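Before any comments, here is the structure.
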Amino acid sequence: QVHVVESGGGLVQAGGSLRLSCVASGNIGSIASLGWYRQAPGKQRELVADIGSGGDIHYGDSVKGRFTISRDNAKTTVYLQMNSLLPEDTAVYYCRLITTSVLYWGQGTQVTVSS
């Protein structure tokens, strides 16, 4: 069984920072990609940032220069440092794990940025 668990969401004022964590555990096998997506009310889920197995990183256009994704040496935990937060960053942030054959989502963590 595989578990994907996010933490670190909360309420912050515009211009502030938050750090999200995602831990993947269980019978994972090989990780192809581990990263973050977000979904605001009434909008589609969108890429925030992810890291491929080779260390390649992708960011969504709206977060480039403000958010930074990183991972631990075991490659089973990813972090999302979010700086200069904007009200439009308000969303549920989901961690996504892709192994060689299966895609997993975490339960999500709410990030709310007040103006």
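Since every read-out is calculated from the coordinates, none of them should be taken as a lab result. Source: prediction; values computed, not measured. For neighbour counting, all protein chains shown are included, and Cβ atoms are generated from backbone atoms with ideal geometry for every residue, glycine included.
Here are some notes:
- For segment 44-108 versus segment 22-40, the gap between their alpha-carbon centres in whole angstrom: 9
- Stretching the chain fully between A32 and D61 yields a gain of 8.3 nm (0.36 nm per residue, less the alpha carbon separation).
- Taking 12 Å as the cut-off, the amide N atoms of segment 2-39 that come nearer than this to a point 7 Å along the Cα-to-beta-carbon line of Q107 belong to 4-7.
- Paramagnetic label zone (point 7 Å from Cα along Cα-to-C-beta, T100; backbone N under 18 Å) in segment 26-45: 26-34
- Selected from G42, G55, G65 as most flexible by GNM, with the chain as the system and alpha-carbon contacts under 10 Å: G42
- Between K75, K43, K64, the GNM of the chain built on Cα springs shorter than 10 angstrom shows K43 fluctuating the most.
- The chain: most fluctuating residue of Q44, Q13, Q81 per GNM, C-alpha cutoff 10 Å: Q44
- With θ taken as phi - 60° and the Karplus curve 6.51 cos²θ - 1.76 cosθ + 1.60 applied, the whole-hertz 3J(HN,Hα) list for segment 63-68 is 10, 4, x, 10, 10, 9 Hz, x standing for glycine and proline.
- Difference of contour (0.36 nm per residue) and Cα-Cα distance, L47 to V2: 14.0 nm
- Phi to ³J(HN,Hα) by Karplus 6.51 cos²θ - 1.76 cosθ + 1.60 over segment 99-108, Hz, x for Gly, Pro: 9, 5, 9, 9, 10, 10, 10, x, 7, x
- Anisotropy class of segment 47-115 from Cα gyration tensor, a/c 1.5 cut: prolate
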